[in-house]
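Undergrad: Just passing along the structure, written as C-alpha cells.
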Amino acid sequence: MLEILNIGENIRAFRRSLGITQEKLAEESGLSVNFISRLERTSDQNVSIKTLNKIANAMQISTAQLVEDSQRDRETSLSVNQLIYQLKSMDPQQADKAAYAILQLIDAIKDTQ
C-alpha cells in the first residue's frame, strides 16, 4: 500500500527542481497561488485527486509521483522529469537534436560498462 508522507513537500520539491515558480504552477494548473503556497507549506493533505491531477499535469509528471514516499525514487524522478520538462519547453527541432545527443551519450556510457 502506498503511504503518503507529505504531498506538499513533494510538490515543492518537483516544482523547484523544474525551476517553476508557484505563480507559474498556479497559472498552468488553473489553481490559485495562495492554494499552491498553502499546500506546499502546511501539512494539510485535504486535496482532491482532481486537484493533484491538475498540478501533476502542469509539471508534466504523473500524479503517483506527487504522493510517492521514497526519497530515492523522488530524486531519480526529479532528474528525469526535469529533463523531460526542459525538452518539452524547447522548439521541437531543438528538442529532437538534444534528445538525440542525450541518447548518444547514454549509449556511450553503456559501452564503457
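Nothing in this text is a laboratory measurement; each read-out follows from the coordinates by a stated rule. Note that this is a predicted model, so its numbers are computed, not measured. Virtual Cβ from ideal backbone geometry, glycine too; neighbours counted across all protein chains shown.
Undergrad: Just add up the charged neighbours of ALA98: K/R +1, D/E -1, any other residue whose Cβ is under 14 Å from the Cβ of ALA98.
TA: Spelling it out: positives minus negatives among the neighbours equals 0.
Undergrad: Suppose R0 equals 35 Å; then what is the FRET efficiency for VAL33 and LEU105 from their Cβ-Cβ distance, rounded to the nearest 0.05?
TA: It comes out at approximately 0.40.
Undergrad: So the label point goes 7 Å from the Cα of ASP91 along Cα→C-beta, right? Which residues of the range 9-30 then have their backbone N under 20 Å from it?
TA: Once the point is set 7 Å along Cα→Cβ of ASP91, nothing inside the range 9-30 turns out to lie under 20 Å by backbone N.
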